[in-house]
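Report on the following structure.
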Amino acid sequence: DARVTQTPRHKVTEMGQEVTMRCQPILGHNTVFWYRQTMMQGLELLAYFRNRAPLDDSGMPKDRFSAEMPDATLATLKIQPSEPRDSAVYFCASGLTVGTGIYSNQPQHFGDGTRLSIL
Amino acid sequence: QKEVEQNSGPLSVPEGAIASLNCTYSDRGSQSFFWYRQYSGKSPELIMFIYSNGDKEDGRFTAQLNKASQYVSLLIRDSQPSDSATYLCAVTSSNTGNQFYFGTGTSLTVIP
């Protein structure tokens, strides 16, 4: 079964440190999404790429967060400097968008997530 | 107004009963609709997707879409304790850049 792979699975670090999370999308998928999930806010979209180009990162705090896709097999989400309020589970998901119309969006598939704790 | 709204629950049903989960959306141009299940501490996993008005059945699960009324529902027949989870509704449209909008989820508990 093809899977989205995220690393690390868990990360505990001190406030002010840089955090980098990585995602390997499912081979052949052309869209990648980064989400943050907390009990209070639910699932929040942080950034969205299609064919490696960023389409929407309006949900991301620009001053400390950055998202990139250096190649089709790797997406990264970086926080620098990290703050305690960044503690959450970060999910990467990938999917396939083809053409337009009602069938253009195929389902997203989620990775196992990175549980981030900032002390 | 949120793009996608779900009753947060919790919804409790006895084992063997039908669980009905509902979702409404605000963008009339929405085209694709997805239901995800998320167990506590796990990632969301796809259960079903539906594109056209009407019902779509897959095993014990039935997705129902009514675009005129802007709602999509998920029925779980013969509910099992293993169905206890949070169910997330997601909606997307090429009109909004193919972005997925998720509801906050409905927590379902199936009581043995």
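The numbers here are math on the coordinates, done by the rules we state, and not lab data. Worth saying up front: this structure is predicted, and the values here are computed from it rather than measured. All Cβ positions, even for glycine, are placed from backbone atoms using ideal geometry, and neighbour counts span all protein chains on display.
From A:SER58, A:SER66, which residue is of a type in the set (Gly, Ala, Ser) and in a strand (DSSP E or B)? Checking each option against the conditions leaves just A:SER66. Only residues that are out of contact with any Leu (no Cβ under 9 Å at 6 or more places or on another chain) and of a type in the set (D, E, K, R) were counted across segment A:1-52, and they come to 7. Inspect segment B:36-48 for any residue being among the β-branched types (Val, Ile, Thr), more than 14 Å from chain A (Cβ to nearest Cβ) and within 11 Å of the chain's Cα centre (by Cα) and give the result as yes or no. Checked segment B:36-48: no residue is among the β-branched types (Val, Ile, Thr), more than 14 Å from chain A (Cβ to nearest Cβ) and within 11 Å of the chain's Cα centre (by Cα).
Looking at B:SER30, B:SER40, can you tell me which residue is surrounded by fewer than 18 Cβ atoms within 10 Å (Cβ to Cβ) and either assigned to a loop (DSSP other than H, G, I, E, B) or among the hydroxyl-bearing types (Ser, Thr, Tyr) (or both)?
On the way: B:SER30 fails: surrounded by fewer than 18 Cβ atoms within 10 Å (Cβ to Cβ).
Answer to the check: B:SER40.
Count of segment B:72-112 residues, restricted to those that are more than 10 Å from the chain's Cα centre (by Cα), over 14 Å from B:TYR36 (Cβ atoms) and assigned to a strand (DSSP E or B), is 3.
Collect the residues in segment B:59-98 that are within 13 Å of another protein chain (Cβ to nearest Cβ), under 21 Å from B:GLY16 (Cα atoms) and either free of Cβ contacts under 8 Å to residues at least 12 places away in the same chain or among the acidic types (Asp, Glu) (or both), keeping them in residue-number order. Spell out how you get there, then give the answer.
Within segment B:59-98, the first condition is being within 13 Å of another protein chain (Cβ to nearest Cβ), and the residues that meet it are B:63, B:65, B:67, B:86-98.
Still in the list and also under 21 Å from B:GLY16 (Cα atoms): B:63, B:86-87.
Residues satisfying the conditions do not exist here.
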